[in-house]
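The values are calculated or read from the model by the stated rules, or taken from the named source; none is laboratory data. Remember, it's a predicted structure, so these values are computed and weren't measured experimentally. No Cβ is skipped: glycine too gets one built from the backbone with ideal geometry, and neighbour counts run over all protein chains shown.
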Amino acid sequence: MTAWNADTEADSGGADAVTLVEGSSFCISSHSGDISPEGGTNGAFYRDTRVVSRSVLRINGELREPLVAQRPDAFEATFVGRARWPDGRFDSPLVVRQERHVGPGLQDDITLENYSSEAVDCEIELLVDADQADLFDVKGGRAINQDSLSRTVKGAELVIEAVRNGQRRGSAIRAAGADVTTDALRFKAHIPARGKWSTSVIVVPLINGEAPRDPFTESGLPRHRSGVQRHLAWEETVPRITVGDGNIEATLRRSQSDLGSLRIFDAQHPDRAAVAAGAPWFMALFGRDSLLSSYMSLMIDPQLAAGTLQTLAGLQGEKVDPDSEEEPGRIPHEVRLGVTAGLSLGGTAYYGTADATPLFVAVLGELSRWGLSREIIHPLLPHADRALDWIEKYGDRDGDGFVEYLRPNDHGLVNQGWKDSWDGINFADGTIAQAPIALCEVQAYVYSAYIGRSLLARWDGDVALEHQWADRAAALKEKFNERFWLPDKGYFAVALDKDKRPVDACTSNMGHCLWTGIVDEDKAVSVAEHLMSPQMFTGWGIRTLASDMGAYNPVSYHNGSVWPHDTALVATGLMRYGFVDEARQIATGIFEAARHFDGRLPELFCGFDRGEFPGPVPYPTACSPQAWAAAAPVQLTRAMLRFDPVYTRGVVHLAPILPLDIGEFRAENVLLDTSRIIIKAHGTDGRIDGLPPSLKFLAEPRPPLAYPPNDA
């Protein structure tokens, strides 16, 4: 059984790794384009199985000299290098170009171009292998059992297969003109002066001998495949954003593109997009991550949240299963498709999370404010009610009104909130808290779920039910502020432990409580002061754990690092309670950090103070692209615009507080209900063009603490 918590810091391929993604497929290679066994986590993956574990190109017995790797889109890359001339001359005129596409397998179009005035004969070999390793084994760095692996030359193809856990996974590898052996594809090429030689290497994954519906072929153009066309269509339909500040514009455009590349589609519902958590190791549906990412991306495409909710609804728990931690009404933590998923997860879906279920209801409630159609929302209402039943019957384990977690097995996650590393929840002195644990932000999400259900009842015209859930929310808010508040410290406990003791570490989690509105107004000032203190705010973002806490480590996964999505939710919470300058300062820090990462924020970065280094220090194994990191700049922009549609009241708010030095902001083609609107802002001035007649424009922020608290 996999120890989940041992996997939180898996290698992402090294500093120069090139990662490509398309749907749930991805490929990690070196900067040269080679996929090497020595790379550890290198490989091309399809349905959580490594279908290429080695692809090393040698020309005239030598590796190429890498020159550049370019990624015009998330699913393709071009690797350019220089090959050795047969006589070993300096400054070889032989250039190799490898154009790679990832999808249901792999296609490498390899071209050698001779810039010399004389012809050349070349011996070319592509050393290949496909260990059919499960993603969990690769991610965890475990040895791969080769006993069942077979390598067979079948005509012009090399077929490599393995049988594991009753499934036969394989790869069929071919290239026109190749001499195929069990370990390589070899070619002899005569390249004329100023001429070229080329071939296409095709890798087709096999599951029990069957190829995917849409494999790569020699006759098909890679960019004409359905997955690529979906991505190109996404680029055409998302908002067109221009900003005076080129760094902010580039970051927002990169975010949009990455979110498009991280979408995954159910074969049974090809028109329904959900968002995967991130590349390379989380190209799968994750309850919490996918819900938060789609929530933060509402200004880009609210249909992404709708598809995520619909997909998760189809996986909602039906029975009690201690192995997978499934329970009736529970929303899963993650879904995997590899052959060892049953061993690692207790099934293809693993349910060990405390927060995905309330977030499901909260995000659905939010969609009612964005005007999504009844055809989308109404079928999801029974799933929302089942989720609320889970909160009461299973989430609240001891009947104290709070949701706790405690894994019922020895292989599930020890911690089941977003800080899910084994040491992620600790006291101020560094002592690790013991489960059952009730996290502060989980109670905030439950509060938001109650408000969300109240909004949905209003949307459905059920006044009695609307007030019933609003009253439940108010009662939870009162109890939360009594039990989690630490008056001697001036902030909220991160959790209650197994003995109901407040876990007194100062963490970013309480910023999520501001975001949902569960914090009493008289406590918000002190919370904001702690979040903006030098112990918490690095200048780039908010630390997960204050630097004066016993477990603080700026290069840890959850105990002092900076996570952009976490910081964005903290900033949104500060804005909600009227701390405008503080929220704007945080947003500025994150956008400036993004500039140091070429516009693509990673999953997390180290929690060093801004004054210590000229830029944010990368975390060595951070995922990139990663969905909620990509969504963070979008959420921060929405927060600074103070853009809030509220269809349940027939109004839309826009009251920007943009820094003047970023210049004009303009977003065209923003989807609101069935309308496409244009948002314009500069400083504190803003307007909306193309607003539906059913909505009234209000040049003022949404009141933060109105009743019900998530609506105004």
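Could you say whether any residue in segment 483-490 is among the aromatic types (F, W, Y) and either assigned to a helix (DSSP H, G or I) or out of contact with any strand residue (DSSP E or B) (no Cβ under 7 Å at 6 or more places or on another chain) (or both)? Steps first, answer last, please.
Just the residues of segment 483-490 that are among the aromatic types (F, W, Y), to begin with: 484-485.
Okay, now just the ones that are also either assigned to a helix (DSSP H, G or I) or out of contact with any strand residue (DSSP E or B) (no Cβ under 7 Å at 6 or more places or on another chain) (or both), so none.
No, there is no match, as no residue in segment 483-490 is among the aromatic types (F, W, Y) and either assigned to a helix (DSSP H, G or I) or out of contact with any strand residue (DSSP E or B) (no Cβ under 7 Å at 6 or more places or on another chain) (or both).
Can you find a residue in segment 539-547 that is in the same structural domain as G589 (by TED's automatic domain parsing), more than 29 Å from F360 (Cβ to Cβ), buried (at least 22 other Cβ atoms within 10 Å of the Cβ) and at pLDDT 95 or above?
First, pick out the residues of segment 539-547 that are in the same structural domain as G589 (by TED's automatic domain parsing): 539-547.
Imposing the further condition that a residue be more than 29 Å from F360 (Cβ to Cβ) reduces the set to 539-540, 546-547.
The next check asks that each one be buried (at least 22 other Cβ atoms within 10 Å of the Cβ); those that pass are 540, 546.
Filter once more, so that each one left must be at pLDDT 95 or above: 540, 546.
Looking through segment 539-547, at least one residue is in the same structural domain as G589 (by TED's automatic domain parsing), more than 29 Å from F360 (Cβ to Cβ), buried (at least 22 other Cβ atoms within 10 Å of the Cβ) and at pLDDT 95 or above.
Among the listed residues L259, L298, which satisfies the condition of being in a helix (DSSP H, G or I), touching a residue at least 60 places away in the same chain (Cβ under 8 Å) and of a type in the set (A, V, I, L, M)?
On the way: L298 fails: in a helix (DSSP H, G or I).
Selected residue: L259, the only one of L259, L298 that is in a helix (DSSP H, G or I), touching a residue at least 60 places away in the same chain (Cβ under 8 Å) and of a type in the set (A, V, I, L, M).
Inspect all residues belonging to segment 181-196 and state whether any of them is in contact with a strand residue (DSSP E or B) (Cβ under 8 Å, 6 or more places away or on another chain) and modelled with pLDDT under 85.
no
Restricting segment 301-319 to residues that are part of a loop (DSSP other than H, G, I, E, B), within 30 Å of V138 (Cα to Cα) and out of contact with any helix residue (DSSP H, G or I) (no Cβ under 6 Å at 6 or more places or on another chain), which is modelled with the highest pLDDT? Working first, answer last.
To start, the set of residues in segment 301-319 that are part of a loop (DSSP other than H, G, I, E, B) comprises 301, 314-319.
From what's left, within 30 Å of V138 (Cα to Cα): 314-317.
Then drop every residue that is not out of contact with any helix residue (DSSP H, G or I) (no Cβ under 6 Å at 6 or more places or on another chain), which leaves 314-315, 317.
Values: G314: 93, L315: 94, G317: 97.
Out of the qualifying residues, it is G317.
Taking the residues in segment 384-404 that are over 14 Å from E326 (Cβ atoms) and crowded, with 21+ Cβ neighbours inside 10 Å as candidates, determine which candidate is farthest from the chain's Cα centre (by Cα).
Once the filter is applied, the top-ranked residue is F402.
Going by what's in this entry, would P205 be described as in contact (Cβ under 8 Å) with a residue 60 or more places away in the chain, closer than 21 Å to K154 by Cα and either buried (at least 19 other Cβ atoms within 10 Å of the Cβ) or out of contact with any His (no Cβ under 6 Å at 6 or more places or on another chain) (or both)? Even if it seems obvious, please write down each step before you answer.
On the way: in contact (Cβ under 8 Å) with a residue 60 or more places away in the chain: yes; closer than 21 Å to K154 by Cα: yes; either buried (at least 19 other Cβ atoms within 10 Å of the Cβ) or out of contact with any His (no Cβ under 6 Å at 6 or more places or on another chain) (or both): yes.
So P205 passes the test.
Please find, within segment 30-52, the residue that is farthest from L126 (Cα to Cα) out of those that are surrounded by fewer than 24 Cβ atoms within 10 Å (Cβ to Cβ) and within 24 Å of the chain's Cα centre (by Cα).
Keep residues of segment 30-52 that are surrounded by fewer than 24 Cβ atoms within 10 Å (Cβ to Cβ), which gives 30-32, 34, 36-41, 47.
Those still in the list that are within 24 Å of the chain's Cα centre (by Cα) too: 30-31, 39-41, 47.
Working: S30: 15, H31: 17, G39: 17, G40: 19, T41: 19, R47: 24 Å.
Selected residue: R47.
Pick from V555, V562: which is touching a Gly at 6+ places or on another chain (Cβ under 9 Å) and crowded, with 22+ Cβ neighbours inside 10 Å? Even if it seems obvious, please write down each step before you answer.
Numbers: V555 fails: crowded, with 22+ Cβ neighbours inside 10 Å.
Step by step, each of V555, V562 is checked, and only V562 is touching a Gly at 6+ places or on another chain (Cβ under 9 Å) and crowded, with 22+ Cβ neighbours inside 10 Å.
Only residues that are touching a strand residue (DSSP E or B) at 6+ places or on another chain (Cβ under 9 Å), closer than 23 Å to L292 by Cβ and either of a type in the set (F, W, Y) or in a loop (DSSP other than H, G, I, E, B) (or both): list them for segment 547-576, please. Reasoning before the result, please.
Residues of segment 547-576 that are touching a strand residue (DSSP E or B) at 6+ places or on another chain (Cβ under 9 Å), as a first pass: 549-554, 556, 558-567, 570-571.
Now narrow it down to the ones that are closer than 23 Å to L292 by Cβ: 556, 558-567, 570-571.
S556, H558, N559, G560, S561, W563 - these are the residues of segment 547-576 that are touching a strand residue (DSSP E or B) at 6+ places or on another chain (Cβ under 9 Å), closer than 23 Å to L292 by Cβ and either of a type in the set (F, W, Y) or in a loop (DSSP other than H, G, I, E, B) (or both).
Scan I248, I241 and give me the residue that is under 25 Å from A306 (Cβ atoms), among the β-branched types (V, I, T) and under 25 Å from the mean Cα position of the chain (by Cα). Break it down stepwise before answering.
Details: I248 fails: under 25 Å from A306 (Cβ atoms).
One residue alone meets the criteria, I241.
Could you tell me which numbered condition S25 fails, if it satisfies all but one of (1) within 24 Å of A162 (Cβ to Cβ); (2) crowded, with 22+ Cβ neighbours inside 10 Å; (3) modelled with pLDDT of 95 or more?
Evaluating S25 over (1) within 24 Å of A162 (Cβ to Cβ); (2) crowded, with 22+ Cβ neighbours inside 10 Å; (3) modelled with pLDDT of 95 or more leaves (3) as the failure.
Tell me the residue from R58, R71 that is surrounded by fewer than 20 Cβ atoms within 10 Å (Cβ to Cβ), at pLDDT 95 or above and part of a strand (DSSP E or B), please.
On the way: R71 fails: at pLDDT 95 or above.
Exactly one of R58, R71 is surrounded by fewer than 20 Cβ atoms within 10 Å (Cβ to Cβ), at pLDDT 95 or above and part of a strand (DSSP E or B), namely R58.
What do you reckon, is K479 assigned to a loop (DSSP other than H, G, I, E, B) and either surrounded by fewer than 20 Cβ atoms within 10 Å (Cβ to Cβ) or on the phi > 0 side of the Ramachandran plot (or both)?
Working: assigned to a loop (DSSP other than H, G, I, E, B): no; either surrounded by fewer than 20 Cβ atoms within 10 Å (Cβ to Cβ) or on the phi > 0 side of the Ramachandran plot (or both): yes.
Here the answer is no, as K479 does not meet what is asked.
Can T621 be described as of a type in the set (S, T, N, Q), more than 30 Å from V463 (Cα to Cα) and touching a helix residue (DSSP H, G or I) at 6+ places or on another chain (Cβ under 9 Å)?
no
Being part of a loop (DSSP other than H, G, I, E, B), at pLDDT 95 or above and in contact with a strand residue (DSSP E or B) (Cβ under 9 Å, 6 or more places away or on another chain) is the filter here; which residues of segment 325-336 pass it?
We begin by selecting, within segment 325-336, every residue part of a loop (DSSP other than H, G, I, E, B); these are 325, 327-333, 336.
In the following step, the residues that additionally are at pLDDT 95 or above were identified as 325, 327-333.
The answer is E325, E327, P332, H333.
Taking the criterion of being under 30 Å from E375 (Cα atoms) and buried (at least 24 other Cβ atoms within 10 Å of the Cβ), would at least one residue in segment 427-442 satisfy it? Spell out the reasoning first.
The first filter runs over segment 427-442 and keeps only residues under 30 Å from E375 (Cα atoms), leaving 442.
Remaining after also requiring buried (at least 24 other Cβ atoms within 10 Å of the Cβ): 442.
Yes, some residue in segment 427-442 is under 30 Å from E375 (Cα atoms) and buried (at least 24 other Cβ atoms within 10 Å of the Cβ).
Check whether at least one residue in segment 233-240 is closer than 21 Å to D598 by Cβ and out of contact with any strand residue (DSSP E or B) (no Cβ under 8 Å at 6 or more places or on another chain), and report yes or no.
Yes, that holds for at least one residue.
Which one of the conditions (1) at pLDDT 95 or above; (2) closer than 30 Å to R472 by Cα does D685 fail to meet, given that it meets all the rest?
Exception for D685: condition (2).
Here is a check on your reading of the model: is G260 on the phi > 0 side of the Ramachandran plot, modelled with pLDDT of 90 or more and of a type outside the set (F, W, Y)?
Numbers: on the phi > 0 side of the Ramachandran plot: no; modelled with pLDDT of 90 or more: yes; of a type outside the set (F, W, Y): yes.
No; evaluated as a whole, the condition is false for this residue.
Is it fair to say F136 is crowded, with 22+ Cβ neighbours inside 10 Å and aromatic (F, W, Y)? I'd like the intermediate steps shown before the answer.
On the way: crowded, with 22+ Cβ neighbours inside 10 Å: yes; aromatic (F, W, Y): yes.
Here the answer is yes, as F136 does meet what is asked.
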